[in-house]
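Data first, discussion second: the structure below is written as structure tokens.
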Amino acid sequence: MKKTIAIYFSDLQPMGYPFDKEQYFEIYKEIISSIESRNIRVFIVRGKSYKGNGRFAKGWYFVNGILRPSSGKVRADLIFNRDDKNTIPRIDDCRVINHPDFDELCVDKLKTFFSFPDISPKTAAVHSFGSYRACIRGWGIRDDALVVLKKNFGTEGRGIFILPAREVMKSLYDDWSDILLQEFLDSSVGIPGIVRGLHDLRVTVINGMPINSFLRVPKQGSYLANVAQGGTGRSIPLARIPKAAIQLVTRINKEVEKYFPAIYAIDFVRTTSGYKLIELNSRPGVQHPDWSSSYKTFNRALIRMLVDAVLA
């Protein structure tokens, strides 16, 4: 009997994100075709459709490159979580990649900080503007010093502000209940031989193995290196990644290997105090040749992880 993988997305519409982006749609079709060539069925499932025990109310599958609706419920042996808006429920009655505990460690930036406090920016949940002001005073932050405010469970750089402490106003957020305050890490020292000035260095890891790396640089006048927020990015060969950064990858791998099989990304910056962890991302996107020179290596490793996991 064929094994079944369900790939979960947040958007309710069959051609919603990420399939509304041509490159994502193209690569997912290739990945799914390759998996199905191993005698495995693959369905797309979306939104609040989970019914328990690996079952979804409905799904979609590819037929000759065209997405078709399932004739009924989808029963998965493995769920691949590609959630981008944190809408997936916690699933403990079916195997999920990534494991819900690991996914939570990555998505909840406060938990990431508590897990790796010595290599992370100082982080606190503030919950209100008054709490923010109290935290600033407690940390001894000067009014002209830069601080980072972000939604704890945000993605793609949404809801992130980097401002002098005195410019943060109550009106910055309609709802402060999900807000974190973080120490600003100055990456303007760059990485010798790779980048001058502000940056964000991402290393993607599959089952403990660094697969590729990506450098992101903010647009002029911005501190946000996220490409979704106007930054630019380019692939960096793993061989060029400094040893100090790879050592941090190895350390983090040792802490999270109990959750393997897993796919995740580690975002670093280099500061005058060395390399620091910005965040972990448990849902790094698939790779397209327009974005990554190592896309084939990445996608092959992703396919192998899913095939091995569902057949195990």
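The values are calculated or read from the model by the stated rules, or taken from the named source; none is laboratory data. Because the structure is a prediction, the values reported are computed rather than measured. Counting neighbours? That spans all protein chains shown, and the Cβs are built from the backbone with ideal geometry, glycine included.
Quick check: anything in region 209-223 outside any strand (DSSP E or B), among the basic types (K, R), over 30 Å from A6 (Cα atoms) and free of Cβ contacts under 8 Å to residues at least 40 places away in the same chain?
Yes: region 209-223 contains one or more residues that are outside any strand (DSSP E or B), among the basic types (K, R), over 30 Å from A6 (Cα atoms) and free of Cβ contacts under 8 Å to residues at least 40 places away in the same chain.
Let's see how each residue does on (1) outside any loop (DSSP other than H, G, I, E, B); (2) out of contact with any Gly (no Cβ under 9 Å at 6 or more places or on another chain); (3) modelled with pLDDT under 95:
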{"site": "Y132", "(1), (2), (3)": "yes, yes, no"}
{"site": "K150", "(1), (2), (3)": "yes, no, yes"}
{"site": "G157", "(1), (2), (3)": "no, no, yes"}
{"site": "D175", "(1), (2), (3)": "no, yes, yes"}
{"site": "L180", "(1), (2), (3)": "yes, yes, no"}
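If you take the residues in region 73-127 that are under 26 Å from L149 (Cα atoms) and of a type in the set (F, W, Y), which one is nearest to the chain's Cα centre (by Cα)?
Among residues in region 73-127 that are under 26 Å from L149 (Cα atoms) and of a type in the set (F, W, Y), the one nearest to the chain's Cα centre (by Cα) is F102.
Considering only region 105-128, state which residues are more than 25 Å from D186 (Cβ to Cβ), modelled with pLDDT of 95 or more and part of a helix (DSSP H, G or I).
L105
Which one is surrounded by the fewest Cβ atoms within 10 Å (Cβ to Cβ) among residues in region 36-53 that are part of a loop (DSSP other than H, G, I, E, B) and among the hydroxyl-bearing types (S, T, Y)?
S37
Would you confirm whether any residue within region 183-195 is touching a helix residue (DSSP H, G or I) at 6+ places or on another chain (Cβ under 9 Å) and among the acidic types (D, E)?
The answer is yes; a qualifying residue exists.
Can you name every residue in region 248-300 that is among the hydrophobic types (A, V, I, L, M, F, W, C), over 18 Å from R216 (Cβ atoms) and part of a helix (DSSP H, G or I)?
If the condition is that a residue be among the hydrophobic types (A, V, I, L, M, F, W, C), over 18 Å from R216 (Cβ atoms) and part of a helix (DSSP H, G or I), then I252, V256 are the ones that fit.
Would you mind telling me which numbered condition in (1) touching a helix residue (DSSP H, G or I) at 6+ places or on another chain (Cβ under 6 Å); (2) surrounded by fewer than 17 Cβ atoms within 10 Å (Cβ to Cβ) T123 fails?
(2)
So which pairs qualify, if the first residue must be in region 272-286 and in contact (Cβ under 8 Å) with a residue 12 or more places away in the chain and aliphatic (A, V, I, L, M), the second must be part of a loop (DSSP other than H, G, I, E, B) and surrounded by 19 or more Cβ atoms within 10 Å (Cβ to Cβ), the Cβ gap must be under 6 Å, and the two must be at least 6 apart or on different chains?
As it stands, the answer is L277/S120, since those pairs meet every condition given.
If you check R196, R216, R202, which single one turns out to be at pLDDT 85 or above, charged (D, E, K, R) and surrounded by fewer than 16 Cβ atoms within 10 Å (Cβ to Cβ)?
Only one candidate qualifies: R196.
If I141 satisfies all but one of (1) in contact (Cβ under 8 Å) with a residue 24 or more places away in the chain; (2) not in a loop (DSSP other than H, G, I, E, B), what's the number of the condition it fails?
Against the list (1) in contact (Cβ under 8 Å) with a residue 24 or more places away in the chain; (2) not in a loop (DSSP other than H, G, I, E, B), I141 comes up short only on (2).
Could you tell me whether T297 is touching a strand residue (DSSP E or B) at 6+ places or on another chain (Cβ under 8 Å), surrounded by fewer than 19 Cβ atoms within 10 Å (Cβ to Cβ), at pLDDT below 95 and farther than 29 Å from I160 by Cα?
Values: touching a strand residue (DSSP E or B) at 6+ places or on another chain (Cβ under 8 Å): yes; surrounded by fewer than 19 Cβ atoms within 10 Å (Cβ to Cβ): yes; at pLDDT below 95: yes; farther than 29 Å from I160 by Cα: yes.
The answer is yes for T297.
Being closer than 28 Å to E104 by Cα, surrounded by fewer than 20 Cβ atoms within 10 Å (Cβ to Cβ) and in contact with an Asp or Glu (Cβ under 9 Å, 6 or more places away or on another chain), is that true of even one residue in region 233-254?
Yes, there is a match, as at least one residue in region 233-254 is closer than 28 Å to E104 by Cα, surrounded by fewer than 20 Cβ atoms within 10 Å (Cβ to Cβ) and in contact with an Asp or Glu (Cβ under 9 Å, 6 or more places away or on another chain).
Can you confirm whether region 71-84 contains a residue that is outside any loop (DSSP other than H, G, I, E, B), at pLDDT 95 or above and surrounded by fewer than 19 Cβ atoms within 10 Å (Cβ to Cβ)?
Yes - at least one qualifying residue is present in region 71-84.
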